[in-house]
2 protein chains.
Amino acid sequence: MVQAVEIEGDRICITLAFPFPEGPIQEKVAQFVQQAVEKVSNGVAVEVGATEMNTKQRAAFLALAKDMQPISGGHIGMVLAVMSGKGGVGKSTVTGLLATELRRRGFRVGVIDADITGPSIPKIFGVHQAPIAGPRGILPVKSRTGIELMSMNLLLPVEDRPVVWRGPLISRAIEQFWGEIAWGDLDFLIVDLPPGTSDAALTVTQSLPLDGIVLVTSPQDLAGMVVRKAAIMAQHLRVPLIGLVENMSHIVCPECGTRINLFGASRAEVTAGAMGTTLIGRIPIDTHLSILCDSGAIEEYRANEFKEITETIIRSLDIKAREPAVGASLPLS
Amino acid sequence: MVQAVEIEGDRICITLAFPFPEGPIQEKVAQFVQQAVEKVSNGVAVEVGATEMNTKQRAAFLALAKDMQPISGGHIGMVLAVMSGKGGVGKSTVTGLLATELRRRGFRVGVIDADITGPSIPKIFGVHQAPIAGPRGILPVKSRTGIELMSMNLLLPVEDRPVVWRGPLISRAIEQFWGEIAWGDLDFLIVDLPPGTSDAALTVTQSLPLDGIVLVTSPQDLAGMVVRKAAIMAQHLRVPLIGLVENMSHIVCPECGTRINLFGASRAEVTAGAMGTTLIGRIPIDTHLSILCDSGAIEEYRANEFKEITETIIRSLDIKAREPAVGASLPLS
């Protein structure tokens with residue numbers, strides 16, 4: 001990142017190159033470098049300027065950044081984001097089920113709820129205690145099966161208190177959830193994104209070393225259109241798409257067993273194809289799952305559909321090829 | 001808004017009071033005042049400072065602002081926002097159906113799609129032509145039944161192109177949709193909000209002279225919690241709540257006629273009560289409506305549930321008591 005170091009008169013001028021024109025941590029990094037150099041400059045003034053990387057530099061930087069770890073130590077194996085662009089298609093449910101299935105396989109799993117203004121994660125996991133501070137940062141809150149969680153709603157005194165923040169504060173909160181939480185060693189950290197392609201999505205895709213994105217859609221063409229926007233954004237920012245999950249694909253009538261396509265016929269395969277990715281699986285609407293989510297017991301839910309989706313995601317990440325985290329995970333079942 | 005005018009040495013110092021600490025148009029207003037005074041100050045320097053109104057001043061200012069009209073002229077009768085906090089509960093569907101029902105009653109209706117990153121309005125109305133410029137500003141695009149529409153997606157060359165903008169640009173776009181579109185005379189302007197209580201919601205509730213908010217929720221307790229956040233935000237900003245619409249309340253099996261409560265039992269009445277507002281109505285999931293929305297024909301949909309909701313909203317706004325807009329609307333059916 002150090003582009004140039006020059007002596008101009010009695011000043012030391014350092015130019016840093018950043019990967020994106022307006023990354024939210026630029027100022028912090030520049031300050032840090034300035035203070036570090038001032039410590040050894042014997043009173044000579046230090047100035048730090050910023051420039052943008054070219055495409056080649058950025059690619060090299062991002063490759064390096066993949067191994068970047070949070071300030072608070074610990075090793076995080078894979079960082080996945082669950083994204084949609086569209087709201088209410090089940091990002092949090094998919095995040096919760098994926099975390100649960102991975103945990104069942106013995107992995108150490110964490111979840112960042114990046115939906116700062118509409119957080120669902122604490123409610124579906126039934127976790128309500130406030131996080132406490134540990135020696136290396138704030139400790140995430142453990143779910144019943146041991147999934148580590150961090151969400152804005154864990155920090156609010158009342159769960160329906162609104163967080164009326166403009167973008168910069170939203171971004172800052174997400175960065176802190178990444179960098180200032182003592183995650184410890186994790187095999188998977190899953191980031192549950194809010195709808196939209198604005199501040200939260202930008203911050204997560206630009207500032208976090210994502211290994212891949214799981215897209216979630218519903219059968220409506222309307223949802224598909226908005227999900228394509230999110231996919232195109234991810235591709236622009238060079239984050240690999242793992243695949244598409246279609247939620248709410250149908251419901252089975254509890255009386256007569258008829259399969260009802262609630263939102264018309266599924267278009268998920270076409271949507272996935274248009275985005276250059278694959279359909280990982282379909283999840284039906286299951287009233288039982290809704291009730292478990294509302295009562296904070298998502299970890300009790302078992303469904304073959306999601307087991308298969310999880311296994312497909314694990315395979316596509318080629319987990320076995322990666323070095324296992326310290327205190328290694330159990331083998332895949 | 002003019003708090004003080006002082007002469008300090010050879011400068012004229014003007015202090016303006018703004019209703020909110022960080023309204024997005026403050027700088028513009030200050031600049032405008034500075035330039036206007038400079039024109040008549042005979043070369044004397046003019047400085048414009050800003051301060052915040054106290055509660056009393058703000059209430060008086062907001063009462064005045066209710067009569068504020070867009071720059072582009074025309075008279076707008078009622079400005080309503082459809083809000084939820086939660087995504088995917090059907091804000092755009094409710095917006096579209098409300099606009100359609102009002103139009104059927106002869107009202108002149110406009111819709112601002114304030115969901116800049118995930119706009120649905122053009123798709124559900126089947127409107128795809130780009131807006132053109134008129135003598136007083138950009139003209140909204142007319143739907144088949146004559147509803148005036150403005151949406152980010154009408155301005156994009158391809159509908160699935162993502163709009164990857166941080167908050168300030170999102171807010172600016174919404175302000176332009178209000179102030180720089182030649183809406184002409186309207187009885188109702190309905191603003192379809194995106195999920196969340198961040199930039200878009202803040203800009204709409206702070207910068208637009210809203211007459212009321214229609215809240216939309218789904219039967220899930222999870223949705224209810226996030227909708228309560230939005231309601232509390234609206235109450236903090238002193239925008240009246242018209243009531244709550246519960247969407248996706250159930251589905252009727254097309255084979256055996258069983259009424260299936262998809263997301264468990266409805267909690268809408270409790271949710272409405274907790275927010276100090278009333279439940280206006282419930283809408284079932286109707287596959288036919290989904291298909292009409294996907295094919296851009298929402299205006300063809302007719303359902304008694306929504307007719308009643310519209311009439312309740314009209315009654316609660318006490319329309320008859322208001323002066324009719326120029327070229328008056330047809331009487332209520």
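The values are calculated or read from the model by the stated rules, or taken from the named source; none is laboratory data. Since the structure is predicted, the reported quantities are computational estimates derived from the model, not experimental observations. FYI the Cβ positions are ideal-geometry reconstructions off the backbone, even for glycines, and counts take in every protein chain you see. Calculation scope for accessible area: heavy atoms of the full protein, side chains included, ligands and nucleic acids excluded. Shrake-Rupley method; radii C 1.70, N 1.55, O 1.52, S 1.80 Å.
Report yes if residue A:138 is within 24 Å of residue A:83 (Cβ to Cβ) and away from every other protein chain (no Cβ under 12 Å), otherwise no.
Considered against the rule, which asks whether it is within 24 Å of residue A:83 (Cβ to Cβ) and away from every other protein chain (no Cβ under 12 Å), residue A:138 comes out as no.
Residue A:184 fails exactly one of the following numbered conditions: (1) in contact with a helix residue (DSSP H, G or I) (Cβ under 6 Å, 6 or more places away or on another chain); (2) small (Gly, Ala, Ser); (3) open to solvent by 10 Å² or more (accessible area, probe 1.4 Å). What is the number of that condition?
(1)
So in the stretch B:29-43, with the set limited to residues that are surrounded by 11 or more Cβ atoms within 10 Å (Cβ to Cβ) and polar (S, T, N, Q), which one is nearest to residue B:15 (Cα to Cα)?
Result: B:34.
So is residue B:95 open to solvent by 10 Å² or more (accessible area, probe 1.4 Å) and either within 14 Å of another protein chain (Cβ to nearest Cβ) or at pLDDT below 90 (or both) or not?
In short, no.
Considering each residue of the stretch B:120-140, count those that are over 18 Å from residue B:176 (Cα atoms) and at pLDDT below 90, and give that number.
Of the residues in that region, 0 qualify.
Are any residues in the stretch A:232-253 under 26 Å from residue B:291 (Cβ atoms) and without any contact (Cβ under 8 Å) to a residue 12 or more places away in the chain, and if so, which ones?
A:253
Anything in the stretch A:151-172 that is of a type outside the set (Ser, Thr, Tyr), buried (at least 22 other Cβ atoms within 10 Å of the Cβ) and assigned to a helix (DSSP H, G or I)? List them, or say none.
Hits for the stretch A:151-172 are A:152, A:153, A:167, A:170.
Identify the single condition in (1) crowded, with 19+ Cβ neighbours inside 10 Å; (2) more than 8 Å from chain A (Cβ to nearest Cβ); (3) within 20 Å of the chain's Cα centre (by Cα); (4) of a type in the set (Gly, Ala, Ser) that residue B:196 does not satisfy, given that it satisfies every other one.
With respect to (1) crowded, with 19+ Cβ neighbours inside 10 Å; (2) more than 8 Å from chain A (Cβ to nearest Cβ); (3) within 20 Å of the chain's Cα centre (by Cα); (4) of a type in the set (Gly, Ala, Ser), residue B:196 is out only on (2).
Considering only the stretch B:121-150, how many residues are outside any loop (DSSP other than H, G, I, E, B) and of a type outside the set (Val, Ile, Thr)?
Summing the residues that are outside any loop (DSSP other than H, G, I, E, B) and of a type outside the set (Val, Ile, Thr) in the stretch B:121-150 gives 10.
Looking only at the stretch B:114-145, how many residues end up being open to solvent by less than 30 Å² (accessible area, probe 1.4 Å) and in contact with a strand residue (DSSP E or B) (Cβ under 8 Å, 6 or more places away or on another chain)?
13
In the stretch A:91-147, which residue that is in contact with a Pro (Cβ under 7 Å, 6 or more places away or on another chain) and acidic (Asp, Glu) is nearest to residue A:302 (Cα to Cα)?
Checked the stretch A:91-147; the qualifying residue nearest to residue A:302 (Cα to Cα) is A:113.
Looking at the stretch A:175-199 only, could you name the residues that are closer than 21 Å to residue A:123 by Cβ, of a type in the set (A, V, I, L, M) and modelled with pLDDT under 95?
The answer is A:181, and nothing else.
Would you please name the residue that is nearest to the other protein chains (Cβ to nearest Cβ), looking only at residues in the stretch B:71-91 that are touching a helix residue (DSSP H, G or I) at 6+ places or on another chain (Cβ under 6 Å) and open to solvent by 20 Å² or more (accessible area, probe 1.4 Å)?
B:86
Just checking, does the stretch B:105-113 include any residue being crowded, with 20+ Cβ neighbours inside 10 Å and within 14 Å of chain A (Cβ to nearest Cβ)?
Scanning the stretch B:105-113 turns up at least one residue that is crowded, with 20+ Cβ neighbours inside 10 Å and within 14 Å of chain A (Cβ to nearest Cβ).
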